[in-house]
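Q: Below you will find the structure I want to go over with you.
The values are calculated or read from the model by the stated rules, or taken from the named source; none is laboratory data. None of the values given here were measured: they were computed from a predicted structure. Cβ coordinates were reconstructed from backbone atoms using ideal geometry, including for glycine residues, and neighbour counts include every protein chain displayed. The area values use the complete protein model at the heavy-atom level, side chains included, leaving out ligands, DNA and RNA. Shrake-Rupley method; radii C 1.70, N 1.55, O 1.52, S 1.80 Å.
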Amino acid sequence: MNNEALIRQYAKQLRLTILTTKTFDFLSEPVSNEEYLKNCLHEEVVYREEKAKLQRIKKACLPTYKGFDEFDTDFQTSITDWQLKQLAEMNWIDGIYNLIIIGPPGTGKTHLALAIGNKAVEIGYKVFFSSMDNLIHILKTQEISQRSAAKVKWIKNSDLLIIDELGYLPIGKIEANMFFQLVSQLYENTSVVITSNKGFDGWADILGDAILATALLDRLTHRCQVLSFTDESYRLANSKQIFDV
Ligand code: ADP
Ligand code: MG
């Protein structure tokens, strides 16, 4: 076997995708051996990072893109530009802080949660975004569905779990218990962001169990920022009427 064929074979054995398929045009690259090897390895690293990013984007299950830049703090005055900047810097994910955003519908809770999720994925964190409803479905079906089991595994390995819309639908006792188990397992390993239309007083009703709600809040709020969004609905304030057109 000639050198080129051997390089390809070794690259394949080592699972170096780029080197396996690369065209080895040595003559057109008047560089030292060291430089050439460095360039090859660099291409491999770039390829792997890009692939990992695409995987992270897919597994994060973010439904739409919303950015920090589009979040208007003149409208939502419950958060300052400085706080928004701190959230966007993401150091709190390394410190495993949680974030709970509470407020009525249309006040930008999901927007902010999505902005956090999108930025976190972009800069390299493992993220999972889900509505509370869907998360409960995943937890309930993990024993019978490989898809759900894989999602639970990803959640447990994630840096950030974002749960949107806790409180829109009541949760049964068994489901609430499953949710509590998950939060306990993530405790001090994974940051959790929760959006809810109900204040903490209402969480016992949502979960159907006051003791469980207290235990859950105890874990979630240990290292946690709580944002209370007030004001009117952005949707209502900016609603477009048929006859305005
Ligand atoms: P919530 O989750 O609190 O019900 P959303 O985040 O879904 O509200 O916001 C409803 C719509 O209004 C979305 O399209 C969102 O992008 C927009 N919106 C809400 N608050 C703001 C804000 N402060 N700045 C810019 N857009 C906003
Ligand atoms: Mg929402």
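Q: With respect to L166, is the statement that it is under 19 Å from H222 (Cβ atoms), within 16 Å of ligand 1 (Cβ to nearest atom), over 14 Å from the mean Cα position of the chain (by Cα) and without any contact (Cβ under 8 Å) to a residue 60 or more places away in the chain true?
A: Yes; evaluated as a whole, the condition is true for this residue.
Q: Something else about it: Which of the numbered conditions does E175 fail, given that it passes all the others? Conditions: (1) under 18 Å from the mean Cα position of the chain (by Cα); (2) within 28 Å of G108 (Cβ to Cβ).
A: Of everything listed in (1) under 18 Å from the mean Cα position of the chain (by Cα); (2) within 28 Å of G108 (Cβ to Cβ), E175 misses just condition (1).
Q: Still on this structure: Please work out which residue is surrounded by the fewest Cβ atoms within 10 Å (Cβ to Cβ), limiting yourself to segment 219-238 and to residues that are at pLDDT 90 or above and within 16 Å of ligand 1 (Cβ to nearest atom).
A: Going through the qualifying residues, I end up with S228.
Q: Can you tell me which residue is farthest from K156 (Cα to Cα) among those in segment 173-218 that are among the hydroxyl-bearing types (S, T, Y) and open to solvent by less than 10 Å² (accessible area, probe 1.4 Å)?
A: Among those that are among the hydroxyl-bearing types (S, T, Y) and open to solvent by less than 10 Å² (accessible area, probe 1.4 Å), it is S196.
Q: Let me ask something additional. Tell me, please, whether a residue that is touching a helix residue (DSSP H, G or I) at 6+ places or on another chain (Cβ under 9 Å) and within 16 Å of ligand 1 (Cβ to nearest atom) can be found in segment 136-155.
A: No: segment 136-155 contains no residue that is touching a helix residue (DSSP H, G or I) at 6+ places or on another chain (Cβ under 9 Å) and within 16 Å of ligand 1 (Cβ to nearest atom).
Q: If you go through segment 57-82, how many residues are closer than 30 Å to R147 by Cα, open to solvent by less than 80 Å² (accessible area, probe 1.4 Å) and touching a Phe, Trp or Tyr at 6+ places or on another chain (Cβ under 8 Å)?
A: Total satisfying the criteria: 3.
Here is a yes/no grid of residues against (1) within 16 Å of ligand 2 (Cβ to nearest atom); (2) part of a loop (DSSP other than H, G, I, E, B):
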{"site": "G106", "(1), (2)": "yes, yes"}
{"site": "G117", "(1), (2)": "yes, no"}
{"site": "Y125", "(1), (2)": "no, yes"}
{"site": "N134", "(1), (2)": "yes, no"}
{"site": "H137", "(1), (2)": "no, no"}
{"site": "K140", "(1), (2)": "no, no"}
{"site": "W154", "(1), (2)": "no, no"}
{"site": "I171", "(1), (2)": "no, yes"}
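Q: Right, here's the next one. Within segment 76-83, can one find any residue that is over 20 Å from C224 (Cβ atoms) and of a type in the set (D, E)?
A: yes
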